[in-house]
Amino acid sequence: MSNTGCKHIVIGITGGIAAYKSLSLIRLFKSAGYEVKVTATQHALEFVTPLTIETLSQNKLYTDMFEHGHEMDVHHIAMADWADCIIVAPATANIIGKFANGLADDALSTLLLACNKPIFMAPAMNCKMYAHPAVQQNMQTLQQRGVHIIDSKSGFLACGVEGKGRMEEPEQIFATVCQFLDGEQTLKGYKALVSAGPTYEPIDPVRFIGNHSSGLMGYELAEELARQGAEVTLVSGPTHLSCSSHINRVDVKTAGEMFDQCMHYGPAADIIIMAAAVADYTPKVTANQKIKKHEEGLNIELVKTKDILSTLGHQRREGQLITGFALETENELENAKGKLQNKNIDIIVLNSMNNPKAGFNKPTNQVTMIDKEGQLIQGEAKSKAEVAKEIIQFIISKLNK
Ligand code: CTP
C-alpha cells in the first residue's frame with residue numbers, strides 16, 4: 001500500500017510489552033511514504049528506546065509536555081494540528097481509561113484531548129484486564145465518541161496465559177489505517193442531515209410521553225456519512241450517545257423542536273435520513289405545574305405532531321435524496337411502500353420486527369431497503385454500525401445514478 005499525497009501520522013506508544021511491535025508500525029508507515037512523529041509515555045520507554053524511535057521515524061520523539069527550546073512551543077496543540085490521524089499502539093488500560101474520562105497528565109493524553117482528527121487505538125493488556133467491565137465500558141465510551149478501536153486478538157499473552165488481549169499485528173493496524181485514510185471519500189462535498197433518537201413530549205414539568213429508541217441507528221448512520229466525507233448535521237432527541245467531534249450535533253427534546261431544526265438544515269442537505277422515532281402525538285397543553293393526583297383519573301388531550309419526513313419530502317428540491325424508516329407490525333412491505341409514496345421520498349428502510357436481533361434499543365438490526373423504482377434489498381441481522389454501512393452504500397448507489 002502506498003501513500004497518495006504525504007499524510008502525517010502520529011503514533012502514540014504506551015507502556016506494554018507490545019511496544020516493541022510499534023517499531024514495526026513506524027517502519028511500515030515510513031516505507032509507505034508517510035511522515036511519522038512519535039509520542040511515547042515514560043512507561044513505554046521502559047520497553048523501547050528513544051534512539052530506536054527517532055532513528056526509525058526520522059523525527060524527534062515527544063515525551064515531555066514541558067520541554068524547553070522545542071521547535072513547537074505548545075507542541076501537543078501543534079502536533080494535533082499537524083496529524084492527519086493518531087494511532088495509539090499499544091493502548092494500555094491506563095491510556096484508554098484516561099482518554100475515556102478526559103484526563104490529561106502527560107504528552108500523549110494531552111495530545112489526544114487536543115485532537116479532532118481520527119484516532120485509532122489498539123488495546124493490549126492481560127486478558128483479565130481486557131475483560132474488566134471498567135475497561136470494556138471505557139472502550140465503549142471511546143467508540144461512541146468516534147474513536148476507532150482496533151480490537152485485541154486472542155492468543156498467548158506475554159504474562160504467560162492465553163486469552164484476549166494481544167495487540168493486533170502491526171501489518172493489520174497499518175492496513176486498517178491506510179484503508180481509512182486512502183479510502184474513497186465518496187461523499188466529499190455532500191451535505192447530510194440525519195435525525196435520531198426519541199422525542200419527549202412534556203405533560204407537565206416532570207412528566208413526558210417518550211419511547212424506547214436508543215438513537216444508535218441514527219448515530220451510526222451519521223458516523224458512516226462523516227467517514228465517507230459528508231458534512232453531517234445530526235438532529236438528536238434525548239440519548240446517552242455521543243458522536244465524533246466533526247459531526248454538527250443539534251440536541252432537541254420535542255417533536256416540534258426536531259421539526260424546526262430539520263426545517264432549518266433540510267434545504268441545504270443533499271442527503272436526508274430521518275431515523276428518529278418521532279412522537280406522532282403531543283399533549284395539547286403542557287401544565288405549568290405538576291399535575292396532582294385525583295380520584296377520577298386523568299385524560300390528556302393529544303394533538304398530532306407535524307410529520308418531518310413528509311414535510312421534507314413534499315418540499316424537496318432537485319438533487320436531494322431522502323430516506324425514511326418504517327417500523328411495521330403487519331403488512332410490513334405494503335405499509336412501507338405506502339410510506340415511500342405518501343411521504344414523497346426516495347428510499348424507505350423497513351425495520352424487521354420479526355427478528356429478535358432487530359429494532360428498538362438493541363445493538364443489532366436487520367433491515368429491508370426499498371427504493372421508489374421498486375428495488376428491494378433484504379439485509380442480514382448485524383451490528384447497527386454494519387447496517388449503517390449497508391444503508392449508506394445503497395444511498396451512494398442511488399446518488400450515482
Ligand atoms: N417521522 C417524522 N416525523 C414524524 C413521524 C415520523 O419524520 N412526526 C419519520 C420517522 O423518522 C421515520 C418515518 O417518518 O423515518 C416513519 O415513521 P413511522 O413511525 O414508521 O411512521 P408514521 O408515519 O409515524 O406512521 P405510523 O406510525 O402510523 O406507522
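The values are calculated or read from the model by the stated rules, or taken from the named source; none is laboratory data. Computed from a predicted model, the values in this text were never measured in an experiment. So basically every Cβ, Gly included, is an ideal-geometry build from the backbone, and we count neighbours across all protein chains shown. Side chains are part of the model used for accessible areas, which takes the heavy atoms of the whole protein and leaves out ligands, DNA and RNA. Shrake-Rupley method; radii C 1.70, N 1.55, O 1.52, S 1.80 Å.
Looking at (1) more than 15 Å from the ligand (Cβ to nearest atom); (2) modelled with pLDDT of 95 or more; (3) loosely packed, with under 15 Cβ neighbours inside 10 Å; (4) not polar (S, T, N, Q), find the lone condition where A287 falls short.
Condition (3) is where A287 drops out.
G155 versus (1) modelled with pLDDT under 95; (2) open to solvent by 20 Å² or more (accessible area, probe 1.4 Å): which is the lone unmet condition?
With (1) modelled with pLDDT under 95; (2) open to solvent by 20 Å² or more (accessible area, probe 1.4 Å) applied to G155, the lone miss is (2).
Hey, can you tell me all the residues within the range 327-386 that are among the polar types (S, T, N, Q) and surrounded by 14 or more Cβ atoms within 10 Å (Cβ to Cβ)?
Going residue by residue through the range 327-386, those that are among the polar types (S, T, N, Q) are 329, 331, 335, 341-342, 344, 351-352, 354-355, 361, 364-366, 368, 375, 378, 383.
Within the range 327-386, N335, N344, N351, S352, N355, T364, N365, Q366, T368, S383 qualify.
Go through A93, A114 for me and flag whichever is at pLDDT below 95 and either touching a helix residue (DSSP H, G or I) at 6+ places or on another chain (Cβ under 8 Å) or surrounded by fewer than 21 Cβ atoms within 10 Å (Cβ to Cβ) (or both).
A114
Of the residues D81, D105, which single one is part of a loop (DSSP other than H, G, I, E, B), at pLDDT 90 or above and open to solvent by 20 Å² or more (accessible area, probe 1.4 Å)? Spell out how you get there, then give the answer.
On the way: D81 fails: part of a loop (DSSP other than H, G, I, E, B).
Every option except D105 fails the conditions.
Among the residues of the range 260-281, how many are buried (at least 22 other Cβ atoms within 10 Å of the Cβ) and farther than 12 Å from V194 by Cβ?
Adding up the residues that qualify gives 3.
Please determine whether any residue of the range 366-374 is touching an Asp or Glu at 6+ places or on another chain (Cβ under 9 Å), under 24 Å from P198 (Cβ atoms), within 13 Å of the ligand (Cβ to nearest atom) and assigned to a loop (DSSP other than H, G, I, E, B).
no
Is there a residue in the range 292-301 that is in contact (Cβ under 8 Å) with a residue 24 or more places away in the chain, more than 16 Å from the ligand (Cβ to nearest atom) and not charged (D, E, K, R)?
Checked against the condition, which is being in contact (Cβ under 8 Å) with a residue 24 or more places away in the chain, more than 16 Å from the ligand (Cβ to nearest atom) and not charged (D, E, K, R), the range 292-301 yields at least one hit.
What are the residue pairs meeting all of these: first residue in the range 156-175, first residue within 29 Å of I9 (Cβ to Cβ), second residue part of a helix (DSSP H, G or I) and charged (D, E, K, R), Cβ atoms under 7 Å, and 6 or more apart or on different chains?
Matching pairs, first to second residue: M167/K21; P170/K21.
Each row is one residue, and each column tells you yes or no for (1) within 21 Å of the chain's Cα centre (by Cα); (2) assigned to a loop (DSSP other than H, G, I, E, B); (3) at pLDDT 95 or above.
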| position | (1), (2), (3) |
| --- | --- |
| M121 | yes, no, yes |
| N138 | yes, no, yes |
| T141 | yes, no, no |
| C159 | no, yes, no |
| G163 | no, no, no |
| E184 | yes, yes, no |
| A192 | yes, no, yes |
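Return yes when L142 is out of contact with any His (no Cβ under 8 Å at 6 or more places or on another chain), aliphatic (A, V, I, L, M) and open to solvent by 40 Å² or more (accessible area, probe 1.4 Å) and no when it is not.
Numbers: out of contact with any His (no Cβ under 8 Å at 6 or more places or on another chain): yes; aliphatic (A, V, I, L, M): yes; open to solvent by 40 Å² or more (accessible area, probe 1.4 Å): no.
Criteria not met by L142.
Regarding T311, is this residue in contact with a Ser or Thr (Cβ under 7 Å, 6 or more places away or on another chain) and within 12 Å of the ligand (Cβ to nearest atom)?
On the way: in contact with a Ser or Thr (Cβ under 7 Å, 6 or more places away or on another chain): no; within 12 Å of the ligand (Cβ to nearest atom): yes.
No.
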